[in-house]
1. Suppose we keep only residues that are farther than 13 Å from CYS263 by Cβ and free of Cβ contacts under 8 Å to residues at least 40 places away in the same chain within the range 227-253. Which one would you say is surrounded by the most Cβ atoms within 10 Å (Cβ to Cβ)?
2. Cβ-Cβ under 8 Å, sequence separation 6+ or interchain: first residue in the range 322-341 and farther than 16 Å from GLY58 by Cβ and modelled with pLDDT under 95, partner of a type in the set (A, V, I, L, M) and part of a helix (DSSP H, G or I). Which pairs?
3. Being surrounded by fewer than 16 Cβ atoms within 10 Å (Cβ to Cβ) and over 27 Å from the mean Cα position of the chain (by Cα) is true for just one of GLY223, GLY169. Which residue is that?
4. Just one of (1) touching a helix residue (DSSP H, G or I) at 6+ places or on another chain (Cβ under 8 Å); (2) in a helix (DSSP H, G or I) trips up ALA352, so point out which.
5. Restricting attention to the range 258-282, report how many residues are within 19 Å of GLY187 (Cα to Cα) and surrounded by fewer than 19 Cβ atoms within 10 Å (Cβ to Cβ).
6. Does the range 17-75 hold any residues that are surrounded by fewer than 16 Cβ atoms within 10 Å (Cβ to Cβ) and either closer than 19 Å to LEU3 by Cβ or outside the structural domain of SER107 (by TED's automatic domain parsing) (or both), and which are they?
7. Which of the residues spanning the range 123-144 are outside any loop (DSSP other than H, G, I, E, B), touching a helix residue (DSSP H, G or I) at 6+ places or on another chain (Cβ under 8 Å) and surrounded by fewer than 23 Cβ atoms within 10 Å (Cβ to Cβ)?
8. Do we find that ASP303 is part of a helix (DSSP H, G or I), loosely packed, with under 14 Cβ neighbours inside 10 Å, within 22 Å of the chain's Cα centre (by Cα) and not β-branched (Val, Ile, Thr) in this structure?
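The values are calculated or read from the model by the stated rules, or taken from the named source; none is laboratory data. Predicted, not measured: the structure shown is a model, and the values here were computed from it. Here Cβ is always computed from backbone atoms with ideal geometry, including for glycine, and neighbour counts include all displayed protein chains.
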Amino acid sequence: MSLLALGLNHRTAPVDVRERVAFAPERLDTALRDLLDCGGAREAAILSTCNRTELYCGLKEADDRRVTQWLGEYHRLRAVDLQPYLYQHTGQRAVRHLLRVAAGLDSMVLGEPQILGQVKAAYQTANSAGTLGALLDRLFQHTFAVAKQVRTDTRIGASPVSVAFAAVGLAKQIFADLPKRAALLIGAGDTIELVARHLHQNGIGRLVVANRTLERAHALAAGFSGYAIALDEISAHLGEADIVIAATSSPGPMLTAAQVRACLKPLRRRPIFMLDLAVPRDIEPGVAELDDVYLYTVDDLRDIIQENLRSRQTAARQAEDIIDHQVEQFMAWMRVRESVASIDLLRRRAEAIRDQAVARALRQIGQGKNPADVLAVLADALTNKLIHPPCAGLREAAARGDAEMLDSIKSLYRLDGAGSRR
């Protein structure tokens, strides 16, 4: 079976492309089963975050075109329009890619820990949907162990660097007096929780959390001395906020330009900082055209993030060494796994030859022939049948002058001299 990793990320595609190929969490199981039915995959998992959409597949045939075509058709995009943004890794390169992703080496923020949880969620979704087979199940389990080793053996996560950390860093650049400011957070997932934590640690004056599930918003806000509101209350509180940070899984905008314009009228030209960390975007791009609104997206965090990477570079090199070794470990498992079918076939053929020879010998003994003579003939027949393939291979390789094949056959049958000594 051929292993494929196909996708796009923050390096290969801008946010407006990434949001068009993002998978809604509630539709992932359906998409996975459709990928198996229509995309040429025997097993599959889908990783979809704000910074990447990736398909991991065990293919029925070594042909990734059907998977690419399926991805485009599923999102109503032409494959030719999607192709410039895609990367495709097969075999060993696919294994290396997933290990690097889970270890945070392929993230916008080097070494960020959230991606491992997202990879685990992708595995669990595929497992629940019944789209994992032996290959991908083993790959993901291996990936989790390697990611843990990287965290344990290196300092890749020692520095407090994340998208959330960078978001609060940008807010501090705009507002030096955070204790006098109010922040409105839209969403209650892991990213917003980290944002809330960093804002709280930096002494934010007031914190409001808006979420579709009010209980979840209450639970999050309570941990950081904030308070919670429902999504339909955002307009009533927007005018009080100096900082608005959104990160939900909503398929459409949570804030429109018209909505923000109406809320900002009473502010009398007071600046407001907005940061959209979601893909698809939570804040309509037109909001950026409003006076006194400073709107940023995840792509705008790159410069800030780069400044915080220096302490992780050495750890990243150590992590790459770990991954190099672990990629080879997994490929060795794959090679052994692939050899099992050949071993089974070889054994079945040998057993068939044995059964035929034994049946013939029993018939001859039943006809009154000397058992000793029959056994001698049986031994000769089995010997000739079993050594015929390697002998033929040796003759053909010698005739072609194929020294490599000769050496392979000699090695396989232990014909180096040592194996023939008595």
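1. ALA228
2. If the second residue must be of a type in the set (A, V, I, L, M) and part of a helix (DSSP H, G or I), no pairs are left.
3. On the way: GLY169 fails: surrounded by fewer than 16 Cβ atoms within 10 Å (Cβ to Cβ).
That would be GLY223, the only listed residue that is surrounded by fewer than 16 Cβ atoms within 10 Å (Cβ to Cβ) and over 27 Å from the mean Cα position of the chain (by Cα).
4. For ALA352, the exception is condition (1).
5. Here the count works out to 1.
6. LYS60, GLU61, ALA62, ASP63, ARG65
7. If the condition is that a residue be outside any loop (DSSP other than H, G, I, E, B), touching a helix residue (DSSP H, G or I) at 6+ places or on another chain (Cβ under 8 Å) and surrounded by fewer than 23 Cβ atoms within 10 Å (Cβ to Cβ), then TYR123, THR125, ASN127, SER128, ALA129, ALA134, LEU135, ASP137, ARG138, PHE140, HIS142, PHE144 are the ones that fit.
8. Judged against the criteria, ASP303 is not a match.
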